[in-house]
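Working notes for the structure below.
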Amino acid sequence: MVMTHTQDPSLSEPILSSRQLAILTHASSNIAPSWPLDKLIAVNPLWSMVNQPYDQVTSELSALANIKSHLPLETYIAWYEEGRIYLDMLEKAAKQYGLTLCSTELLTHLSKTHFQPNSWQSLADLADQHRPATKMSWHDEITHQVSQFCAAHYQKQSPTLRQKDTRHEIGLYPHWLEITTEDRGLSIIMGEANLSRFFHELPKDQNELFALAIQELGLNDETLAVYAHALLLDINGWSSYLAYLNWPSNTEGDQQEQHVIALLAIKMAWELVIWRYLNHAKPSSLSRIINKWTLQKKNIESLYNAHRDALVIPQIWSLALEYSEQADFHRLLRESAPSQDTVDNPLLQAIFCIDVRSEVYRRALEKQSNHIQTLGFAGFFGLPIEYQAKDTQFARPQLPGLLSPAITVTETKSNSQHVHHQQDEARWHRWGHAAPAAFSMVESMGWWYAFKMFKQTLFPTRQVHPANRLAPDTQWQLIQQGIALTDQDKANLAKGILDTIGLKHYAPIVMLVGHGSHTSNNLHAAGLECGACGGQSGEINVKVLATLLNDTKVRTLLTQMGANIPDTTQFIAALHNTTTDQFSCFENVDDKISGWLEQATYLAQKERAKKLDASLVDLSNLERFHAFIQRANDWSQVSPEWGLANNHSFIIAPRHKTRHMDLKGRSFLHDYDANNDPDFSILERLLTAPMLVAHWINMQYNLSVTDNYKFGSGNKVLHNAVGGNIGVFEGNGGDLRIGLPMQSISNGTNWMHTPVRLAVYINAPKHAIEQITAKHDIVRQLIDNNWLYLFQWDNSNNIERFYKKEWLNTSTDE
C-alpha cells in the first residue's frame, strides 16, 4: 500500500531483500559502457540487452525513456519518393508485421502520423506537472546537481571536491550525501524552504536507502525493475560512463564499488526526498501525484503495448530501407565477376585494418599496379597488448574494448631527454583540455604560450598525443605477468597472427598498415583512431609486429613451425592517416613503391573530396593534397573527416571476390580463405571478435543518428571536457554526453550515415557457420534477435541468409 505520509524511520527499518538487490543489479547491468575521451571507441549503447529481440528492446526503451531507434516518418517517406526505398521491399517488410494491404492502401496507411504515447514518468516528472513554470523544474535540477557532482567526484586530476574523512576514499552515494547535506543552496534554487532537512534524514548506507524507497514508494518487484531502469536511462550518459568503470577489461578505478548501482541510489534518494518534502509541505500536490503514480504502476504492460503498437510503422519503414539497401548490395555481389588478377607474384603486399575507410585507399592502391596485393585484418594486428612508455607509469590498451591486454610492450632503451619531452607534452595536452585552459595557460606561462597559440592559429601543424611521440629506432620489450617473452613465445604469437592473416606466399615487401587520424581542437579525436586499438593509433601495434617478424631468431623458429618466410622478405610498419589519406612508412622504400603510395593518396583524396567538400574535387592533385592537410590542421574545422559514417556491411572473404568492386567505403573487409582453415578456428575468431567490433561501430552510428539526445553528444561547438578525459558536457551542464557529435554524422543538410543494421557476408561452408553460431550464445543472439544480418556468400555468388537455424533464399529480393 502506498503511504501518503512520511514514515517515521524509528518505527520501521525495512531491509533490502536479496531478491530486490538482484533486481537493482539487473537494472544496472542493462546499461552499456561508454569509454572516456582518451580511449574513445564505438559501442552498441544497447549491448547489454542483445539477449532480447531488437524490436522488443527498442519498444521498451521508448516506453521507459522516450528513446528513438528510428528516423522521423517524413525522412523515410522522402527517401521512398527519392527511390532509396523500394515498393516491393516495403511490401515485404509490411508482411512481416502482419500488413497485407495493396500498394496504394499500404502507402496511405504507412504515411499517417500516429499518436505517440507518453513514456514512463518519474516522481520528479510528475511533480513538475504541478509546479509553477517560474520555478526550476525538479527534473532539470536533479540532472544538473547529480551530473556536476559526478564530474567532481570522478575527476582525478586537480579534484574540486574534498571529503571529510581523507583516510580512505568513500563511495559515490555516501560522498554525494555528505556534499548534498552541506549544500544550503538547493532550497534557494528550488524555491522550497527547508528542503535541505530531508537530505539529512536519508540513510548513509545505500542499501538502507533502497529499502526505504521501495517501501515508501510502494514498489513491487515488477515496478522496481521498470523504475530502476528508467531512472538510470534518465541520466544515461553518466550511467554509461560508470558502467565502463566496472567493465571487465578496464584496469582503472575502483572495481570493488558497483558504480552504476551507487548512481541509482542517488537518483532514488532524490525521488524519496521529493516524496517526503511534498508530503510535508504540499500534501494536496502529493495527493494528485499519488493518483497518477499508482495508476502508472498498475498499467506497465499497457504502457509497453502502446509503444509496441506505435513503433510498428517506423519499424516497417526502417526494415524496408534495410531490405532495399541489401537488394542493391546483393546485386553488386552477384553480378560482379571475381577478379582474374590473383596477384601470384606480388612485389608489394599491404595488410590494412578492416576499417571501412581502408577500403577506399586499398582500392586506390590496387589500381596502381597488378603487382600489388592488399589484405584486410583486425587493426590491432592480433597483438593482445598494452603500451607502457619507458620509465613512466603511463599505460594504455592497444586492443579492442572487448578484450583485456595480456602483454605489456615498452621500449627497451630509455632516453631521459625524450621521456622528459613526453611528460612535458603530456602536461600541456592535459591542461589544454580544460574549458578555460587557453586563457589560464597564457596567464600562467606568459607570452611564450600566447605565441604558440598564435602560431598554431596562423600556421597550423599536426597536434600529436604525447604518448605517440616515439623515439626514433624504437626497440621493443614484451612482458607477460612480469616476465619477458622468450623467442619461442614471440614465435608462437607471430605464428598465430600469420595463420589468421592467411598469407601463403610472401612478397619482397610486406607492409603492416595501421591507421590513425589527424585533427586539431577535437575532444572526440580518439573516436577517429583505430577502434580495434582501443581508440588509439595503430602505429605501436604495427611497429611491434614488424619487429617480431623481422627478428632472425623468431624467423628461424617460424620456419620450424611451418611458416616459411623468404629471407628476402622485409616487413615494414606503415600508417594510413584516415583524415588526410597520407601514407607513412617507418622504413625506407624504393621509388617505385613510393610513387604507388603517392598516387594512391591522390586518388583516395579525390574520391573522398566528393563528400567532404565538393569544391576540392576539381583542384589539382597537389592543391587538393594541401587542402586536406589544411582542413586537418584547422582549429575551427568541425568535420575533418566522416570517420566510419555510412558503414553497412562486413565481408569475410578472399580479396579476389571484391577486388574490382567499388564498395564506396561502406564495408569492413577481412580476408579469409576457408581452404586454409580446416577446423574453422580462424572463422570462429572472426565471428566472436571482429564481427562484434563491427557491430558495435554500426550500432553506435545508427543510434547517434536516430536519437542524438540520448546516444549522441550534440553540437561539438558547445562541448566542454569533463574531468580531463571523462567525456563532454554540451555547454556547462546537463547529463554527460556520449556517442557521436552531430558534426560526425550530418553535414548540416543531410545525414552522412544511413541507420541500417550491419549485414555480414561470409565465404565459408554453411555447416561451419551453423556450428560456430550454435557454440557461441552471443553470436546466435545477434543473429536470431535481429541485431544484425548474417549471409553466406558462396563461391558461385549465391547469397543466403542464416536466421534461427534456417537458410533463407535471397534471390527474390532484387
**OP:** Any chance you could count how many residues in segment 378-391 are part of a strand (DSSP E or B) and surrounded by fewer than 24 Cβ atoms within 10 Å (Cβ to Cβ)?
**Re:** 2
Original post:
How many residues, within segment 705-748, are aliphatic (A, V, I, L, M) and touching a Phe, Trp or Tyr at 6+ places or on another chain (Cβ under 8 Å)?
Top reply: 7
**OP:** Go through (1) within 25 Å of M511 (Cβ to Cβ); (2) in the same structural domain as N747 (by TED's automatic domain parsing); (3) in contact with a helix residue (DSSP H, G or I) (Cβ under 8 Å, 6 or more places away or on another chain) and name the single condition P654 misses.
**Re:** (3)
**OP:** Determine which single condition G712 fails, assuming it passes every other condition in (1) more than 13 Å from L644 (Cα to Cα); (2) in contact (Cβ under 8 Å) with a residue 40 or more places away in the chain; (3) touching a Ser or Thr at 6+ places or on another chain (Cβ under 6 Å).
**Re:** (2)
**OP:** Scan segment 478-492 and report the pairs whose first residue is assigned by TED's automatic domain parsing to the domain that holds T410 and within 21 Å of Q560 (Cβ to Cβ) and whose second residue is part of a helix (DSSP H, G or I) and basic (K, R), with Cβ atoms within less than 9 Å and a gap of 6+ or a chain change.
**Re:** L478/K490; D487/K553; K490/K553; A491/K553; A491/R555
Original post:
Here is a list of conditions, (1) under 18 Å from the mean Cα position of the chain (by Cα); (2) surrounded by fewer than 24 Cβ atoms within 10 Å (Cβ to Cβ); (3) part of a strand (DSSP E or B); (4) not aliphatic (A, V, I, L, M), and N720 meets all of them except one; can you say which number that is?
Top reply: (1)
Original post:
For residues in segment 522-553 being surrounded by fewer than 24 Cβ atoms within 10 Å (Cβ to Cβ) and among the acidic types (D, E), which is nearest to V43 (Cα to Cα)?
Top reply: E539
Original post:
Picking from A609, A627, A614, A573, which residue would you name as being without any contact (Cβ under 8 Å) to a residue 24 or more places away in the chain, touching a Lys or Arg at 6+ places or on another chain (Cβ under 7 Å) and of a type in the set (G, A, S)?
Top reply: A609
Original post:
Residues that are among the polar types (S, T, N, Q) and at negative phi: which helices (runs of 4 or more DSSP H) entirely in segment 179-229 hold 3 or more of them?
Top reply: 206-216
**OP:** Among the residues of segment 731-752, count how many are surrounded by fewer than 22 Cβ atoms within 10 Å (Cβ to Cβ) and either in a loop (DSSP other than H, G, I, E, B) or more than 18 Å from the chain's Cα centre (by Cα) (or both).
**Re:** 10
Original post:
Among the candidates L321, L303, L286, L332, which residue alone is within 30 Å of S103 (Cβ to Cβ) and crowded, with 18+ Cβ neighbours inside 10 Å?
Top reply: L321
Original post:
Can you tell me which residues in segment 96-119 are out of contact with any His (no Cβ under 9 Å at 6 or more places or on another chain), part of a loop (DSSP other than H, G, I, E, B) and of a type outside the set (S, T, N, Q)?
Top reply: Y97, G98, C102, K112, H114, F115
**OP:** Provide a single number: the residues in segment 494-525 that are among the aliphatic types (A, V, I, L, M), farther than 30 Å from W635 by Cα and touching a strand residue (DSSP E or B) at 6+ places or on another chain (Cβ under 8 Å).
**Re:** 7
**OP:** Among the residues of segment 214-246, write down those that are among the small types (G, A, S) and in contact with a helix residue (DSSP H, G or I) (Cβ under 6 Å, 6 or more places away or on another chain).
**Re:** A225, A228, A230, S239, A243
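So that you can scan it fast, the table gives a plain yes or no per residue for (1) assigned to a helix (DSSP H, G or I); (2) within 30 Å of V722 (Cβ to Cβ); (3) under 31 Å from the mean Cα position of the chain (by Cα); (4) not small (G, A, S):
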residue: L233; (1), (2), (3), (4): yes, yes, yes, yes
residue: Y244; (1), (2), (3), (4): yes, yes, yes, yes
residue: S249; (1), (2), (3), (4): no, yes, yes, no
residue: L264; (1), (2), (3), (4): yes, yes, yes, yes
residue: L272; (1), (2), (3), (4): yes, yes, no, yes
residue: S287; (1), (2), (3), (4): yes, no, no, no
residue: T294; (1), (2), (3), (4): yes, no, no, yes
**OP:** Out of L123, L71, L107, report the one residue that is surrounded by 14 or more Cβ atoms within 10 Å (Cβ to Cβ), touching a helix residue (DSSP H, G or I) at 6+ places or on another chain (Cβ under 9 Å), assigned by TED's automatic domain parsing to the domain that holds D328 and closer than 26 Å to I300 by Cα.
**Re:** L71
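The values are calculated or read from the model by the stated rules, or taken from the named source; none is laboratory data. Note that the coordinates shown come from a computational prediction; the quantities given were computed from them, not determined experimentally. For neighbour counting, all protein chains shown are included, and Cβ atoms are generated from backbone atoms with ideal geometry for every residue, glycine included.
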